[in-house]
Amino acid sequence: HRGFKDIGYHFYITRDGGIHRGRSLERIGAHCKNHNRHSVGICYEGGLSAGGIPADTRTLEQKATLLALLRELRAVLPEAIIVGHRDLNPLKGCPCFDAVKEYEGL
Ligand SMILES: [Zn+2]
């Protein structure tokens with residue numbers, strides 16, 4: 001959501017739908033205060049409108065990659081809940097869409 005690759009995440013999805021691995025799943029992330037010990041962090045490139053306002057700027061490619069990645073993680077971590085950063089930290093606006101609702105069927 002900051003528009004650059006942060007090693008604190010486990011996965012980073014670029015606008016072209018490419019997926020880049022940050023930390024391995026075995027390593028604790030550094031992406032969400034108070035939740036790093038029990039979460040997997042996924043970040044997408046973008047998240048700001050041209051005017052610099054937080055916005056859902058995901059491309060179709062990013063949405064497809066994100067969905068595929070979440071399906072894979074769901075298979076490995078069946079107990080996991082899928083939430084947005086903002087659902088865990090009200091001071092955050094990212095990911096600028098309702099992750100709970102969008103992925104409730106997974
Ligand atoms: Zn965030």
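The values are calculated or read from the model by the stated rules, or taken from the named source; none is laboratory data. Fair warning: this is a prediction, and the values are worked out from it, not measured in the lab. Here the Cβ is made from the backbone with ideal geometry for all residues, glycine too, and neighbour counts use every protein chain on show.
Table for the structure above
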quantity	calculated
Meets criteria (out of contact with any Leu (no Cβ under 9 Å at 6 or more places or on another chain), in a helix (DSSP H, G or I), more than 15 Å from Y12 (Cα to Cα) and not aliphatic (A, V, I, L, M)) for K92	no
Test for C96: is it modelled with pLDDT of 90 or more, within 12 Å of the ligand (Cβ to nearest atom) and not acidic (D, E)	yes
Hey, A50 farther than 20 Å from K101 by Cα, away from the ligand (no atom under 16 Å from the Cβ) and exposed (fewer than 12 other Cβ atoms within 10 Å of the Cβ) or not	yes
Number of the exception - L106 against (1) touching a helix residue (DSSP H, G or I) at 6+ places or on another chain (Cβ under 9 Å); (2) under 18 Å from G8 (Cα atoms)	(2)
Sole residue being in contact with a Leu (Cβ under 7 Å, 6 or more places away or on another chain) and at pLDDT below 90, chosen from H10, H35, H1	H35
Residue list for region 70-89, restricted to those being not acidic (D, E) and not in a helix (DSSP H, G or I)	L77, P78, A80, I81, I82, V83, G84, N89
Test set (1) in a helix (DSSP H, G or I); (2) within 14 Å of the ligand (Cβ to nearest atom); (3) among the aliphatic types (A, V, I, L, M) - A30 fails condition number	(1)
Filtered residue count, region 15-24, keeping only those that are closer than 21 Å to R74 by Cα and either part of a strand (DSSP E or B) or in contact (Cβ under 8 Å) with a residue 24 or more places away in the chain (or both)	5
Those residues of region 33-69 which are assigned to a helix (DSSP H, G or I), aliphatic (A, V, I, L, M) and touching a Gly at 6+ places or on another chain (Cβ under 7 Å), in sequence order	A64
Matching residues in region 70-91 - criterion: being more than 13 Å from the chain's Cα centre (by Cα) and within 14 Å of the ligand (Cβ to nearest atom)	N89, P90, L91
When residues of region 95-106 are limited to those that are assigned to a helix (DSSP H, G or I) and among the hydrophobic types (A, V, I, L, M, F, W, C), the one surrounded by the most Cβ atoms within 10 Å (Cβ to Cβ)	A99
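One line per residue, one yes/no per condition, for (1) of a type in the set (S, T, Y); (2) modelled with pLDDT of 95 or more:
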{"position": "S24", "(1), (2)": "yes, no"}
{"position": "R27", "(1), (2)": "no, no"}
{"position": "S39", "(1), (2)": "yes, no"}
{"position": "V83", "(1), (2)": "no, yes"}
{"position": "L88", "(1), (2)": "no, no"}
{"position": "Y103", "(1), (2)": "yes, yes"}
